[in-house]
1. Could you run the Karplus curve 6.51 cos²θ - 1.76 cosθ + 1.60 with θ = phi - 60° over region 103-109 and give me ³J(HN,Hα) per residue in whole Hz, x for Gly and Pro?
2. Relative contact order, percent, of region 183-228 when contacts are C-alpha pairs under 8 Å separated by at least 6 residues?
3. Which value, in debye to the nearest 20, gives the size of the charge dipole of region 113-228 about its Cα centre, when Lys and Arg are +1 and Asp and Glu are -1 at the Cβ?
4. Give the percent of DSSP beta bridges with both residues in region 59-121 that are antiparallel, rounded to the nearest 5.
5. Where the Cα atoms of region 95-172 are projected onto their three principal axes, how long is each span, largest first, in whole Å?
6. Listed highest first by mean packing, meaning other Cβ atoms within 10 Å per residue, what order do 84-91, 132-139 come in?
7. Principal axis lengths of region 65-122 from Cα atoms, whole Å, largest first?
8. Set the bar at 28 Å for Cα to Cα. Now go through K59/K169; K139/K169; K138/K196; K59/K224 and name every pair that lies beyond it.
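Read the figures in this text as sums done on the coordinates, not as results from a lab. Note that the coordinates shown come from a computational prediction; the quantities given were computed from them, not determined experimentally. Here the Cβ positions follow ideal geometry from the backbone for every residue, glycine too, while neighbour counts run over all protein chains shown.
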Amino acid sequence: MNRERNPYCSLFAFDFLAMKKKLHSFLYSALALALLLGSAWGVHTLRKGKSHGLFIVGKAPAFCLTDQHNQPFCNTDFKGKIWVVDFFFTSCPTICPVMTANMVAVQDAFADNSIGIASFSIDPETDTPEVLQAYAQKKGVRSPHWHLLTGAEDQIYDIANKGFNSYAKAGDTPENFEHSGRFVLVDAQGNIVCRKENSKPIFFYDGMTPEGIAMLIEDIHRLKNNDQ
């Protein structure tokens, strides 16, 4: 017995197959696009996260102190910014003048004020915001991102000796204070970083010598280029 084909059924079947092919084609195209975009994003992320060639020492410590403008200043205020750290005091008769002059050179190497600087006073009882402000004006501190910091003595010494592993010791006279002449570099992610020499990290930059300052400026440029 011959059965007649329903033309509407045939037409429906044809349309269904055509739609199925289009759907498959769309899905394949979408998948290819997703893979392409994912690959591009992955390469971009890899480049952004690629090692800048500097050794990551660890995270910079958290702190909240008072700067030379008598304003609160915290480590989080440097979020997304490369910054440099040193420890000093305004009445220091020995290495501090050299360190501050060299830090001014670091400041001036980045005239766009794109980096931050945190200078912690290890004599906070003497170094009030007013004293720090006068010192800043005298020494050529012009960057709005250079903060001379004062606060509780115990907190500052914890930041120095435990947070940044930079030596500092209080004294009863300016001649008896002790501290390191080293500068610390912090990347935009809040990591303490440094270069390696002979496959070993140097941990700090010599804030007393032109060679140390040149290395620091070079490594800041390396970080800036990596963040772009």
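1. Result, rounded to whole Hz: 5, 4, 4, 5, 3, 6, 6.
2. Working: 39 pairs, mean separation 13.8, N = 46.
This gives 30 percent for region 183-228.
3. On the way: 11 positive and 17 negative charges, 118 e Å.
Using only the charged Cβ atoms, the result is roughly 560 debye.
4. Values: 3 of 9 bridges.
Antiparallel bridges: around 35 percent, rounded to the nearest 5.
5. 35, 26, 21
6. On the way: 84-91: 23.9, 132-139: 16.9.
Output ranking for 84-91, 132-139: 84-91, 132-139.
7. Projected onto the principal axes, the Cα atoms of region 65-122 cover 34, 26, 16 Å.
8. Values: K59/K169 23 Å; K139/K169 24 Å; K138/K196 35 Å; K59/K224 18 Å.
Distance filter (> 28 Å) returns K138/K196.
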